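A short write-up of the structure that comes next.
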Amino acid sequence: MSERRYGRTLVWFRRDLRAYDHAALYRALKDSRAVYCVFVFDTDLLDSLPRCDRRVEFIWDSVMELRAALERMGGGLIVLHGRAREEVARLAILLQAQAVYTNHDYEPDAAERDLNVQGALLEHGILLHTFKDQVIFETDEVLSRDGRPFSVFSAYKNAWLERLAPLCTAAYAVQDYASSLARPLAGHVPTLEEMGFERSNLRELRLPTGTSGGKAWFRDFLSRLDRYHERRNYPALKGPSYLSVHLRFGTVSIREFAAAASSHGGPGAQAWLSELIWREFYFMILHHHPRVVSHAFRSQYDGIRFPNREDWFQAWCQGRTGYPLVDAAMRQINLTGYMHNRLRMVAASFLVKDLSVDWRWGERYFALHLNDYDLAANNGGWQWAASTGCDAQPYFRIFNPVTQSEKFDPEGKFIRQYLPELTTVPDRHIHAPWRMSAAEQRACGVVIGRDYPMPLVDHADARKAALKLYRSAQC
């Protein structure tokens, strides 16, 4: 043990809530005689959230599982509630740690927090070491031949794939060095209630938490992977992986996913790997262009003056636009915190290009409600749909909510799941129920304007208005 770099170190868990294949934990265990572990429920993040938030509950449950896993390995997890930028340094000093190990967090606010923590630690001679963990390739690792960041996904993807090698997805063998884990003195773990939160409907939704939940869903997805490319766009089918929330909080390993996708073969695995690369593409964009947090990537579109009708925005939020697929999507996110990826594009396009509401309004709504909310991916997706982002769909390509519904929910199964008031509407009218005659409405017991709203806008007219709005920004 004499060759170890440090006597005591502290591993700070954030969006990496697992005890396996963990870069910072592995490095600390190799470098130290005694490794302590901590997670901080950061009030700088929590104080702005609603008191009933599925994500906080998901994190709390996952942290409890992580704590148990570390205890089985001979260590433990100190769980704190306070400002992370203060608590981490305070704990490191108390433990007489010589260094703190953690994994990179790429969001601007997180980077600023980490700089503050680093400064506070250095005042006491304690070093902060950070590592790549939540992506295969980060920041400047995938650049064009002339050393510039990509702005077109297909080119980025090709370069990403060229760099991919078995070593890139090799797991960190945490278990080989677990003997360095130190068991902390028993300490109080704050409950959700003590932190000012209450239980949500997370358990009713049967959303599994922690590494055990992530791995169970991963095994299930692998059994469906061969048909992923065929089923992923149909919200009534079990097509997606549903693993995004586990990736978001790091209960599972991106290296494990990328290795499975790249080695599996077949169009399903290739399509899934492409989605994992999109995730890293948006991380890269956020790193090189942090202004996208509040501004359009294509700066000319910052000049668009959206009408931003508050009543239309609220109708969209509540799933009362009169367009069944859009409304079902919004009811899904409100009820479950999840929205099918195809429907994220449809709902976003409808808000921006049918209702002429600024994309930032919708982005903020998703940020508040999505279980898997990730700044880079959420911002990238919204700017893609709004045609303001890098490699986005052209502004003149506007999703038709009716034809999207007919194509991807042909029998209206998904619509009926979230809009029970339309259960009796015949299949031929489920996508545009306002087209039913008065007699047909009476026959199925659904009167449009009474039992279900009339459309807020006519799509054809709204499309013309959107094109005019976007063309104005070209001048």
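The values are calculated or read from the model by the stated rules, or taken from the named source; none is laboratory data. The model shown is predicted, which means the values in this text are computed figures rather than measured ones. Virtual Cβ from ideal backbone geometry, glycine too; neighbours counted across all protein chains shown.
Annotation note: Cβ proximity below 8 Å between a residue of the stretch 126-150 that is more than 29 Å from Ala92 (Cβ to Cβ) and a residue that is hydroxyl-bearing (Ser, Thr, Tyr) and surrounded by 17 or more Cβ atoms within 10 Å (Cβ to Cβ) (sequence gap 6+ or interchain) occurs for Ile136/Thr169; Val142/Tyr156; Phe150/Tyr156.
Listed here are the residues, each with its yes/no results for (1) over 23 Å from Arg231 (Cβ atoms); (2) surrounded by fewer than 22 Cβ atoms within 10 Å (Cβ to Cβ).
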{"residue": "Met284", "(1), (2)": "yes, no"}
{"residue": "Tyr301", "(1), (2)": "yes, yes"}
{"residue": "Arg305", "(1), (2)": "yes, yes"}
{"residue": "Gln314", "(1), (2)": "yes, yes"}
{"residue": "Gln318", "(1), (2)": "yes, yes"}
{"residue": "Val326", "(1), (2)": "no, no"}
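Selection of the stretch 139-191 for residues being in a loop (DSSP other than H, G, I, E, B), in contact with a Phe, Trp or Tyr (Cβ under 7 Å, 6 or more places away or on another chain) and farther than 30 Å from Arg72 by Cβ yields Val142, Ser144, Phe150. The single condition among (1) within 18 Å of Ala68 (Cβ to Cβ); (2) exposed (fewer than 13 other Cβ atoms within 10 Å of the Cβ); (3) modelled with pLDDT of 95 or more that Leu185 does not meet is (3). Quick one: in the stretch 398-415, of everything that is in a loop (DSSP other than H, G, I, E, B) and either outside the structural domain of Asn341 (by TED's automatic domain parsing) or within 25 Å of the chain's Cα centre (by Cα) (or both), which residue is farthest from Ile333 (Cα to Cα)? Per the criteria, the residue is Ile398. Listed here are the strands (runs of 3 or more DSSP E) enclosed by the stretch 5-107 that have at least 1 residues being closer than 20 Å to Arg199 by Cβ: 32-42, 78-82. Listed by first and then second residue, the pairs with beta-carbon distance under 6 Å, at least 6 apart or on different chains, first residue in the stretch 192-220 and under 27 Å from Asp44 (Cβ atoms), second of a type in the set (Ser, Thr, Tyr), are Thr209/Ser62; Gly210/Ser62; Gly210/Thr251; Thr211/Thr251; Gly214/Thr251. Looking only at the stretch 377-389, decide whether some residue is touching a Pro at 6+ places or on another chain (Cβ under 8 Å) and under 25 Å from Ser299 (Cβ atoms). Within the stretch 377-389 (the criterion being touching a Pro at 6+ places or on another chain (Cβ under 8 Å) and under 25 Å from Ser299 (Cβ atoms)), the answer is yes, since at least one residue qualifies.
Filtering the stretch 403-426 to residues that are touching a Pro at 6+ places or on another chain (Cβ under 8 Å) and either at negative phi or acidic (Asp, Glu) (or both) leaves Ser405, Phe408, Asp409, Phe414, Ile415, Leu419, Leu422, Val425.
Filter the stretch 328-354 for residues that are buried (at least 24 other Cβ atoms within 10 Å of the Cβ) and farther than 25 Å from Trp278 by Cα and give the result. Ala328, Asp354 - these are the residues of the stretch 328-354 that are buried (at least 24 other Cβ atoms within 10 Å of the Cβ) and farther than 25 Å from Trp278 by Cα.
Within the stretch 443-464, the residues that satisfy the criterion of being surrounded by 15 or more Cβ atoms within 10 Å (Cβ to Cβ) and within 33 Å of the chain's Cα centre (by Cα) are Tyr452, Pro453, Pro455, Leu456, Val457, His459, Ala462, Arg463.
What number of residues within the stretch 248-281 are hydroxyl-bearing (Ser, Thr, Tyr) and over 15 Å from Lys215 (Cα atoms)?
Residues that pass the stated criteria total 3.
Here is the figure for the stretch 416-475: residues that are assigned to a loop (DSSP other than H, G, I, E, B), in contact (Cβ under 8 Å) with a residue 12 or more places away in the chain and more than 30 Å from Arg305 (Cβ to Cβ) total 11. Residues in the stretch 56-70 that are more than 18 Å from Arg203 (Cα to Cα) and either of a type outside the set (A, V, I, L, M, F, W, C) or surrounded by fewer than 20 Cβ atoms within 10 Å (Cβ to Cβ) (or both): 3 in all. Screening the candidates Tyr338, Tyr323, Tyr282 for the property of being farther than 30 Å from Val252 by Cβ and of a type in the set (Ser, Thr, Tyr) yields one hit, Tyr323.
Regarding Glu421, is this residue in contact with a strand residue (DSSP E or B) (Cβ under 8 Å, 6 or more places away or on another chain), in the same structural domain as Arg309 (by TED's automatic domain parsing), modelled with pLDDT of 95 or more and acidic (Asp, Glu)? Criteria met by Glu421. Taking the stretch 222-242, which residues are crowded, with 19+ Cβ neighbours inside 10 Å and free of Cβ contacts under 8 Å to residues at least 40 places away in the same chain? Correct list: Gly239, Ser241.
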